[in-house]
Amino acid sequence: MKILKEGTIKFTKPSEFNDPFDCDPEHDTENLEEFLKSQPDLVEKVLKYRNTNSQENLKEFEAMKCRLKAAIENGHFGQEASDAVGICSLTRDPLNLLMWAHYACNHTGFVVEFDIPLESFNLPSDDVTYFEWLIPQPVTYQKKKPIISFSDDIDVKMAKQFLIKGVDWKYEQEERVIDFVRKDGIHKYDRDTILKSVIAGMRIKPEHYDELKKIVTDLKNQKLNVDLFKAKSVKGEYGVFVEGRPDLEIKNPNKTLQADPES
């Protein structure tokens, strides 16, 4: 309700996700020494913090490498990297039956639709309501966990860390907004710009639907262009449709999202 009424939305840190494999890639430690040597400022800070002299530096460098390798192997390194961000998970498909069952309380809840203008993403902003220019990025689905190498480019590392999930989740057709600045928490978003509609579930209680109607009416009175729709069952099929929204087609994730058979 607060997404609609207050213009706030939740960004979650990955350690709180329901999938323990999410944002938990493998790490290749073979290039560990090359990585540390490529980060002289970081190494210098550690050596200064440890208060070592020039003769002890080599020994401390080896100890640093061992500590980093241990942190990678016990999972602390990966968890700290993941929990340094907040993630807002969205879907491209508002008609998926599993999504309605799992995330909308067995079709009794509702879907909030955003229309995010891609042309605004290159415009930086210092405003705390900068959700509008954070780019939703598609998740890909694989059988095998990605392996991060320290020689990978930063964009490749980020994709392997945050944008790959197991193939069982492909029905979600997920897009993620990753916040590196505000991180996890309840944050403002640009409701006036990107909020487009609300789609009530086919099992929503009448009193809840009436409450949604009142909220949408209030938003319209505030000059927000928001519409309210209701999902209905497709006769003779296992599916739902939204009356008045022919642009929302039933999507088959098995056709639109194919996992890499070699991954």
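Quick note: the coordinates plus some simple rules give every number you see, no bench work behind them. Predicted model, so just to flag it, every value in this text is computed and none were measured. So basically every Cβ, Gly included, is an ideal-geometry build from the backbone, and we count neighbours across all protein chains shown.
One table, with the values for the structure above:
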| item | result |
| --- | --- |
| Gained length - Lys220 relative to Lys188, 0.36 nm times residue gap less alpha-carbon distance | 9.6 nm |
| Greater than 28 Å apart at Cα, pairs in Lys13/Lys230; Lys143/Lys230; Lys2/Lys232 | Lys13/Lys230; Lys143/Lys230 |
| Contour minus Cα-Cα distance for Ile135 and Thr8 (0.36 nm per residue) | 44.0 nm |
| DSSP-assigned coil residues among chymotrypsin sites (Phe, Trp or Tyr not before Pro) in the stretch 209-238, each with at most 13 further Cβ atoms within 10 Å | Tyr238 |
